[in-house]
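*Asks:* Just passing along the structure, written as structure tokens.
The values are calculated or read from the model by the stated rules, or taken from the named source; none is laboratory data. All values reported here derive from a predicted model rather than from experimental measurement. FYI the Cβ positions are ideal-geometry reconstructions off the backbone, even for glycines, and counts take in every protein chain you see. For the accessible areas, the whole protein counts, side chains as well, though only heavy atoms, and no ligand, DNA or RNA atoms are used. Shrake-Rupley method; radii C 1.70, N 1.55, O 1.52, S 1.80 Å.
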Amino acid sequence: MSAPHPMTYEAFLAHATADPDVVGLVLKGSHAHDGMPTRHSDHDVYVVVTDEARTGLRGLDGFRSARLDLVVVTVAEFDRLGGWERYAIARARVLLDRLGGRIARMVTAKGRLGAAEASRVAAARLDAYANSHYRSLKNARDGHPLAARLDAADSLGFLLELLFALDRRPRPYNKYLEWELDRFPLPGWDGHELLATLGRITGAGGTDVQRELFGRVEAAARGAGHAATLDAWGDDLALMRPRHRGAFADGQP
């Protein structure tokens, strides 16, 4: 049976719910984040079907319209989803779960990194953050202001992955960063102050602001057991650290 066309979100949900091969419906994107949808927002839905499903809905995988985006996956495929999709699933809403809560448990699991995984991600992103931070300061020192600003901007993506990994969480998309920090703060950080600092760095690439932030991050990273990654930078840490006490240098968020 073909799905209704043109499909509205409500019509599709009714159609999919009536299909016995559909065992889960999961809403992601703006409509899964309170206060984020606009009149331009469509509905992004994972349609989870049985591994043996023969439903015609499988042909709608990748369907996109101004109102509705669909991803059709089997239970096993949904369980394996990660990478860029991980945050989307972690904050998604389960609309249908015919597996006795299994779909909901999969969604919940995406929002929590395992301890070993979180440690690996944090160490890698800490080194990448330090590298871009160092290059930015070095370029500013050597009279290359554009390169310094570009490296400063590059460093912040690594920084955010690091900070969320330290809390064993996937990094939110930039669109949802403020939303995430407001509702689920990072331990030890004032979200509003952190966002303001990121804004100052992306706006002007100020070296003093970068150093103050690095000082705060260094303390957090060492406290989480990543001293070896930092110490590998040796004497270069002198350029990267704060030159005086400031907003983040004293360990206060």
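*Asks:* Between D69 and L239, 0.36 nm times their residue separation minus their Cα-Cα distance comes to what?
*Replies:* Values: separation 170, 0.36 × 170 = 61.20 nm, distance 4.76 nm.
Full extension of this stretch gives 56.4 nm more.
*Asks:* Can you give the alpha-carbon Rg of the chain over 2.2 N^0.38 Å, where N counts its residues?
*Replies:* Values: Rg = 21.9 Å, N = 253, 2.2 N^0.38 = 18.0 Å.
Rounded to two decimals, the normalised Rg is 1.22.
*Asks:* For the chain, set up a GNM with springs between Cα atoms under 10 Å and report which of A220, A88, A228 has the largest fluctuation.
*Replies:* Comparing A220, A88, A228 in the GNM, the peak value goes to A228.
*Asks:* Let me ask something additional. Find how much the distance from A76 to D182 grows on full extension, using 0.36 nm per residue of separation minus their present alpha carbon separation; answer in nm with one decimal. Don't jump to the answer; show the numbers that get you there.
*Replies:* Values: separation 106, 0.36 × 106 = 38.16 nm, distance 3.31 nm.
Extra length from A76 to D182 when fully extended: 34.8 nm.
*Asks:* With the crude spin-label approximation of a point 7 Å out along Cα→Cβ, what separation in nm comes out for R102 versus A196?
*Replies:* The two pseudo-label positions are separated by 4.9 nm.
*Asks:* A further question follows. Any chance you could run the full-extension gain for D51 through K138? It's 0.36 nm times the residue separation minus the Cα-Cα distance, nm to one decimal. Working shown, then result.
*Replies:* Values: separation 87, 0.36 × 87 = 31.32 nm, distance 5.39 nm.
Additional length available on full extension: 25.9 nm.
*Asks:* Between region 115-172 and region 21-62, what is the separation of their alpha carbon centroids in Å?
*Replies:* If you average the Cα positions of each part, the centres end up 33 Å apart.
*Asks:* Please compute the per residue accessible area over region 112-231 with all protein chains in place, 1.4 Å probe, rounded to a whole number of Å². Walk me through the numbers before you get to the answer.
*Replies:* On the way: 5290 Å² over 120 residues.
Using a 1.4 Å probe on heavy atoms only, each residue of region 112-231 averages 44 Å².
*Asks:* Could you pull the accessible area for E85 with a 1.4 Å probe, rounded to 10 Å²?
*Replies:* Accessible area, nearest 10 Å²: 50 Å².
*Asks:* Taking every DSSP beta bridge with both residues inside the chain, roughly what % is antiparallel (nearest 5)?
*Replies:* On the way: 11 of 18 bridges.
So the antiparallel bridges amount to about 60 percent of the total.
*Asks:* Take the Cβ-Cβ distance between R222 and D127 as r, set R0 to 22 Å, and report the resulting FRET efficiency rounded to the nearest 0.05. Let's see the in-between values first.
*Replies:* Numbers: r = 14 Å, r/R0 = 0.63.
Working from the Cβ atoms, E equals 0.95.
*Asks:* State the percentage of accessible surface on region 185-232 attributable to carbon and sulfur atoms; use a 1.4 Å probe and exclude ligands, DNA and RNA. Could the numbers behind the result be given before it?
*Replies:* Working: 1110 of 1980 Å².
Carbon plus sulfur share of accessible area: 56 percent.
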